[in-house]
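Chemist: Encoded as structure tokens, here's the structure I'll be asking about.
The values are calculated or read from the model by the stated rules, or taken from the named source; none is laboratory data. This is a predicted model, so every value here is computed, not measured. Surface areas here come from the heavy atoms of the whole protein model, side chains and all, with no ligands, DNA or RNA. Shrake-Rupley method; radii C 1.70, N 1.55, O 1.52, S 1.80 Å.
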Amino acid sequence: MRPTDAPPDPKEIDARLGEVEPDAARDIFLDLLTGEVLPALALARLLLVLGSARDAEDLVALVARRWGRPLDPALREMARLLHDHREGCERVATMLREHPDPAVVPISPEESVADCRVFFDRSVSRNEVASVAAYSLGDPDLLAVATREIVVLFERWGFLAPDRKTLEIGCGIGRMQGALSPRVAEAVGIDVSPKMIAAARRRNVGFPNVRFAVSSGLDLADFEAESFDLVFAVDSFPYIHQAGPRLVETHFLEAARVLRPGGDFVLLNYSYRDDLAADRAEVQKLCRAMGFTLAVNGAQPVEFWDGVVFHGRKEDRVS
């Protein structure tokens, strides 16, 4: 993942970084300089921690001065992205400041969905591209790279075919539907945000096998049983997880209902709690209870962003 094949020794990184505050920002630079994350994702995380593009500029400049010459390639690329996408970074920082606090436990799933609807309606009005992926920094080309990586993964794992119908939970501006359209029979996207769906419809007007709908966020009741071959969520399921275990269980049950036998249920990120072991244990339990064979339990096969993949396959009917 790192732009160079020979990362510096961890002790050297520590020495060159010196004191960096807050600690969360220092951790981001450590991940960047050891090759754990790519510069665009590290920059998005830095904007989340610091809250403004100006503060990010100041800290990146400070770290660069301490690092000295030659400047680490990953650090140089982060600085370039910040310079070239200054306006987009400020919009991303503003959007992230308004993000629902994951530490706040919602009163009900309905309240959580309503908060998400308000947040994403506002975010997509600020910047459509950044609203679905902060690490895009508002750049359509960066978003296209991340989208293409997911499509390639889906193709490699056999999820796509000309006769398959797909459903995305939390489709945002419909980037996946446009990319999947030439590869599947039908690509459906749902989202709790009416403004997201309006953007998705406008951006995909030329694809006859693509359709969108505003969702309640509480279930998949608008769809018939056994009507899809692939149900997936790209970085949207954490919002369902934040709403509580009842909504998580409902969506696993609903995915099992709307999938045909042998169909695939794929999550790219299950939660934002930063506890992969807990995520794996919960997904395994849910898959077992809902009739999914767990094929992938928390792998990280993508490079551009930090998506953790879970894949359950609906069990075939017994003859």
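Chemist: For q values of 0.11, 0.12, 0.16 Å⁻¹, compute log₁₀ I(q)/I(0) with the Debye formula on a Cα-only model of the chain, without solvent.
Modeler: Each listed q maps to, in turn, -0.71, -0.83, -1.37.
Chemist: If you build a Gaussian network model of the chain, linking Cα atoms that sit under 10 Å apart, which residue out of 168, 12, 90 swings the most?
Modeler: For the chain, modelled as a Gaussian network with Cα springs under 10 Å, the answer is 12.
Chemist: Looking at the chain, how many pairs of lysines come closer than 28 Å at the Cα, when each pair is eight or more places apart or spans two chains?
Modeler: So the count of such lysine pairs works out to 4.
Chemist: On to the next question. Assuming a viscosity of 0.692 mPa s and a temperature of 37 °C, what translational diffusion coefficient in µm² per second does Stokes-Einstein assign to segment 103-234, Rh being the Kirkwood radius over Cα pairs?
Modeler: Answer from the Stokes-Einstein relation: 215 µm²/s.
Chemist: Okay, moving on. Considering only protein heavy atoms and a probe of 1.4 Å, how much of the accessible area of segment 171-239 is carbon and sulfur, as a whole percent?
Modeler: 52
Chemist: Please report, to one decimal in angstroms, the Kirkwood hydrodynamic radius of segment 1-115 built from all distinct Cα-Cα pairs.
Modeler: 15.2
Chemist: Could I ask something else about it? Take the chain, connect every pair of alpha-carbon atoms lying under 10 Å apart with a spring to form a Gaussian network, then pick out the residue of 248, 60, 20 with the largest mean-square fluctuation.
Modeler: Of 248, 60, 20, the most mobile in the Gaussian network model is 20.
Chemist: Where is the GNM fluctuation largest for the chain (alpha-carbon springs, 10 angstrom cutoff): 126, 156, 97?
Modeler: It is 156.
Chemist: Accessible area per residue for the chain in Å², computed with a 1.4 Å probe and the full protein assembly in place, what is it?
Modeler: With all protein chains present, the chain gives 46 Å² per residue.
Chemist: Take the solvent-accessible surface of the protein heavy atoms, probe 1.4 Å, and return the percent of it on segment 85-156 that carbon and sulfur atoms account for.
Modeler: Summing carbon and sulfur atoms, their accessible area is 56 percent of the total for segment 85-156.
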